[in-house]
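The values are calculated or read from the model by the stated rules, or taken from the named source; none is laboratory data. Since we're looking at a predicted model, the values are computed, not measured. Heads up, the Cβs are rebuilt from the backbone with ideal geometry, glycines too, and the neighbour counts pull from every protein chain shown.
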Amino acid sequence: MPSLLAALVSVAASPALAQTADLTPAGAEKAGTSSGIPAWTAPGALENGWSPGKRRLDFFKYKSDKPLYVIDASNVDQYADKLNPGQVALIKQTKGYTMPVYPSRRTCGMPDFVAENTKKNMGFAKMSSDGTALADAYLPGFPFPHPKTGAEAMWNAKLGYRGVGIEFMDQITMTSPRKGSSGDGLKFVSDTWLYFPWGVKGGTTFSAAGQVEAMNYFTYKSPVALAGQGAMFTAYAAKPAEVFYYFPGQRRTRRMPTYAYDAPQIGFDNQYNIDEAYVFSGLLDRFDWKLIGKKEMLIPYNALGMYDFTAKYEDAYRPDFINPAYRRYELHRVWVVEATVKQGVRHSAPKRLFYIDEDSWGLAGAVDYDAQGKISKVREGYSIPVYETGACMSLVFAQYNLNDGRYVVDGSMLAAGKDAKWIVDGSGDPHFKASFYNAENLRALSER
């Protein structure tokens, strides 16, 4: 008799089952499990009166949930089969690190037009000839609700519905102190916009949107050494991103064609590479992608505490890890994808594992291995139901470097003083138009 894992993989890969009552509009299994994953039902409204400027957690339907148990170094082996290898290593290596595990709540849905586009993608969505880039799909929607390859699953993760864009003022990016130092680490504050040309309400196709995955503009407000520095990115599916960077000390804008893959991000003590942003960013072409299968795992979920903009910075960001009071983990089914660097290609992480939530296709976590086969970095994406869009997304993410014990958090509103805004209708705002993202505009904005 085939194993449960094999059965799950074969069911998920079968287009014939796309319309069955056993699967959600995203292609996930509706059924619950005896281990505590509930059956999926359409979430409906979850905000209970929330409006912009209010703390999201206060209006969460399950805000009164308490942890079922807490995983730490004393009991991690007991739960190792539900953890990824990076989580196990992180708990064992980092003194005081814990994971509070809450009841599983399947809160991720999608608007009707996203569900309809996902349905239309059956037999329409297609990949490039090399199997790494999305060629076309109806969007917003998931291109491959029943993926056959790891790359298809990754494109689902890349193109989850999040409106036409996101605006987050005073966004925090932080790097923890060097081990043994008396310093406070690095704290960066920026104003940031993300624009998704394919995210218009109703629908378009990826080809009609120019095969642009995302556009990004940010400008640093602090620290003083970086104030005024900014950049614009246009990320494509099948060609290198177009990157312009403004350096105020030089009063010039530079095109940066090699600012990609494992190139270190500017200003972060070599802790944080370009393709590590948002758990994974950028082109897929340097790796071979294998769809391992589906597994029940403990992942960040409904982590609205990580979006608490009223928190105190010193309380939230501890020297070695994020305060567990702001984190929440739940048991969910995830797709496991393995990325192995192609022969003849160099990358600082020649092997990677990615963990994708079945309900939202959000990247819940990643584990990077170095050239010696040792775990080097562990990432987590903190997913929440986004009240503005009716879908889930992880904007805030963290990365733990096991080699030197430091960690990075980016895309963060935690202790930022202001919340992010997901924009469903960007008409009238120039940040949500493709014409905004060019070198001339970056310089004009930076020098005014």
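Quick notes on this one:
- The requirement of being over 30 Å from Gly305 (Cβ atoms), assigned to a loop (DSSP other than H, G, I, E, B) and either in contact (Cβ under 8 Å) with a residue 40 or more places away in the chain or aromatic (Phe, Trp, Tyr) (or both) is fulfilled somewhere in the range 116-123, by at least one residue.
- Residue within the range 239-261 that is more than 30 Å from Asn121 (Cβ to Cβ), aliphatic (A, V, I, L, M), at pLDDT below 95 and out of contact with any Gly (no Cβ under 7 Å at 6 or more places or on another chain) present: no
- Among the residues here, Ala366 does not qualify as under 19 Å from Asp170 (Cα atoms) and of a type in the set (A, V, I, L, M, F, W, C).
- Sub-8 Å Cβ pairs linking a first residue in the range 245-264 that is more than 16 Å from Tyr220 (Cβ to Cβ) to a second residue that is surrounded by fewer than 18 Cβ atoms within 10 Å (Cβ to Cβ) and not basic (Lys, Arg), at least 6 apart or interchain, are Arg255/Ala439; Pro257/Pro240; Ala260/Pro240; Asp262/Ser348; Pro264/Asn270, ordered by first then second residue.
- Hits in the range 283-306 - residues which are over 30 Å from Thr33 (Cβ atoms) and either at pLDDT below 95 or buried (at least 20 other Cβ atoms within 10 Å of the Cβ) (or both): Leu284, Phe287
- Close pairs from the range 55-82: first closer than 20 Å to Arg105 by Cα, partner surrounded by fewer than 13 Cβ atoms within 10 Å (Cβ to Cβ), Cβ under 7 Å, at least 6 apart: Phe59/Asn48; Phe59/Gly49; Lys61/Asn48
- One residue stands out among those in the range 216-230 that are assigned to a loop (DSSP other than H, G, I, E, B) and surrounded by 17 or more Cβ atoms within 10 Å (Cβ to Cβ): the one that is modelled with the lowest pLDDT, which is Leu226.
- Residue, farthest from Tyr278 (Cα to Cα), within the range 364-388, restricted to residues that are surrounded by fewer than 24 Cβ atoms within 10 Å (Cβ to Cβ) and of a type in the set (Ser, Thr, Tyr): Tyr387
- Scan of the range 270-301 for residues that are more than 15 Å from the chain's Cα centre (by Cα), under 19 Å from Pro147 (Cβ atoms), of a type outside the set (D, E, K, R) and in a strand (DSSP E or B), ordered by number: Phe287, Trp289, Leu291, Ile292, Gly293, Met297
- Residue match in the range 307-317 (condition: touching a Pro at 6+ places or on another chain (Cβ under 9 Å), modelled with pLDDT of 95 or more and not small (Gly, Ala, Ser)): no
- Qualifying positions in the range 231-254 - more than 21 Å from Asp191 (Cα to Cα) and part of a strand (DSSP E or B): Tyr236
- If you check Phe268, Phe244, Phe280 for being crowded, with 16+ Cβ neighbours inside 10 Å and touching a helix residue (DSSP H, G or I) at 6+ places or on another chain (Cβ under 6 Å), only one passes: Phe244.
- Filtering the range 318-332 to residues that are charged (D, E, K, R), surrounded by fewer than 22 Cβ atoms within 10 Å (Cβ to Cβ) and more than 12 Å from Tyr307 (Cα to Cα) leaves Arg318, Asp320.
- When Ala31 is tested against (1) farther than 20 Å from Cys108 by Cα; (2) exposed (fewer than 14 other Cβ atoms within 10 Å of the Cβ); (3) modelled with pLDDT of 95 or more; (4) among the hydrophobic types (A, V, I, L, M, F, W, C), exactly one condition is not met: (1).
- Residue satisfying all of: in the range 407-427; of a type in the set (Ser, Thr, Tyr) and crowded, with 20+ Cβ neighbours inside 10 Å; farthest from the chain's Cα centre (by Cα) among these: Tyr407
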